[in-house]
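Single-structure report; data block below.
The values are calculated or read from the model by the stated rules, or taken from the named source; none is laboratory data. None of these values were measured; they are calculated from a predicted model. Glycine gets a Cβ as well: all are built from the backbone with ideal geometry, and neighbour counts include every protein chain shown. Note: accessible area is taken over every heavy atom of the protein model, side chains too, but ligands, DNA and RNA are not part of it. Shrake-Rupley method; radii C 1.70, N 1.55, O 1.52, S 1.80 Å.
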Amino acid sequence: MKKIYYKILTSSLVLFSLFFSIFSIVNNTSFYEKQYLINNTTYETGMSIEDLSKSTKLLLDYLNDKTDNLSMRAEKFGKQSEVFDNREKTHMIDVKNLYLFFKNIMYIIFLISFILLIYLFKKDKNKIFWNEFYSAYKFSAIIIAIIISIIIFAFIYDFNSFWNLFHKLLFRNDLWLLDPQISTMINMFPLNFFLAMCTKIVFCFSAISILIFMFAKFMHKKKISDFC
């Protein structure tokens with residue numbers, strides 16, 4: 001029965017690492033600024049880099065429930081107008097609901113991981129904790145490797161299809177289908193932007209998973225040497 005708790009613990013840590021990676025990259029404003037330069041977003045949107053930065057901050061504040069208003073005026077192609085139109089704002093309501101839902105899931109997973117970590121560590125008095133943890137995490141590492149391999153294959157083979165499928169699974173309407181001829185949002189965040197974001201999330205998730213695995217392996221070997 002105890003082994004099941006360890007598997008739940010390591011699985012929870014894997015999920016938390018994934019969500020943590022997602023939210024860390026999504027809220028990394030320097031990532032947006034770098035992508036705006038790479039994708040020549042000032043030309044595509046007709047907005048200055050300063051207004052793009054302000055728009056990004058507004059979007060992130062909206063997602064993180066710091067504001068309920070996405071209204072903002074800026075100069076686009078030499079004319080003052082609303083940055084986001086009604087279709088974009090309506091779509092962002094769906095995005096925000098999903099964002100906050102998964103953010104709450106992340107907090108719940110963290111709480112489960114923390115409680116199990118304290119419980120198992122105290123119960124085993126550090127005698128077999130790292131042994132069992134390392135054994136359980138090795139199984140999780142295999143799952144991680146499979147997931148990452150599938151995702152990387154999807155990115156390389158056809159990211160556009162992957163991205164469309166992602167939206168079809170998560171959204172019940174077609175508001176995410178934006179016209180680049182009239183939409184500022186789709187020109188701020190083209191497909192290349194999301195490919196770069198998803199790739200960075202995968203790398204971040206992989207790095208965290210490897211660090212946890214290496215630390216567990218180190219502690220596992222250390223405990224073995226203590227008994228020798």
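In table form, for the structure just shown:
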{"read-out": "Proximal lysines to residue 96, defined as alpha-carbon separation beneath 19 angstrom and excluding residues fewer than eight positions away on the same chain", "value": "54, 57, 66, 168"}
{"read-out": "Kirkwood-based Rg to Rh ratio, segment 1-95, C-alpha trace", "value": "1.18"}
{"read-out": "Candidates per trypsin sites (Lys or Arg not before Pro) in segment 1-90, loop by DSSP, up to 13 other Cβ within 10 Å", "value": "66"}
{"read-out": "Per-residue SASA entry for residue 219, accessible area with 1.4 Å probe, Å² rounded to 10", "value": "30 Å²"}
{"read-out": "Residues with amide H under 5 Å from that of residue 76, placed H, sequence gap 5 or more", "value": "81"}
{"read-out": "Net charge of Cβ neighbours under 11 Å - reference residue 95; Lys, Arg +1; Asp, Glu -1", "value": "0"}
{"read-out": "Angle in degrees between helix 29-38 and the longest Cα principal axis of the chain, rounded to the nearest 10", "value": "50 degrees"}
{"read-out": "In Å², nearest 10: area of residue 158 left accessible to a 1.4 Å probe", "value": "60 Å²"}
{"read-out": "Heavy atoms of residue 29: accessible area, 1.4 Å probe, square angstrom to 10", "value": "70 Å²"}
{"read-out": "Value in Å of the Kirkwood radius, where segment 83-211 supplies the Cα pairs that are averaged", "value": "17.9 Å"}
{"read-out": "Segment 7-79: chymotrypsin sites (Phe, Trp or Tyr not before Pro) in DSSP loop, at most 13 other beta carbons within 10 Å", "value": "77"}
{"read-out": "Normalised convex hull volume, segment 56-101, alpha-carbon set, Å³ per residue", "value": "66 Å³"}
{"read-out": "Assigned charges on the beta-carbon of Lys, Arg, Asp, Glu; segment 56-155 dipole about Cα centre (debye)", "value": "360 debye"}
{"read-out": "Debye, to nearest 20: dipole size of the chain, +1 on Lys, Arg Cβ, -1 on Asp, Glu Cβ", "value": "1500 debye"}
{"read-out": "Option label - mean projected area of the Cα convex hull in nm² computed here, alternatives (i) 14.7; (ii) 10.9; (iii) 12.2", "value": "(i)"}
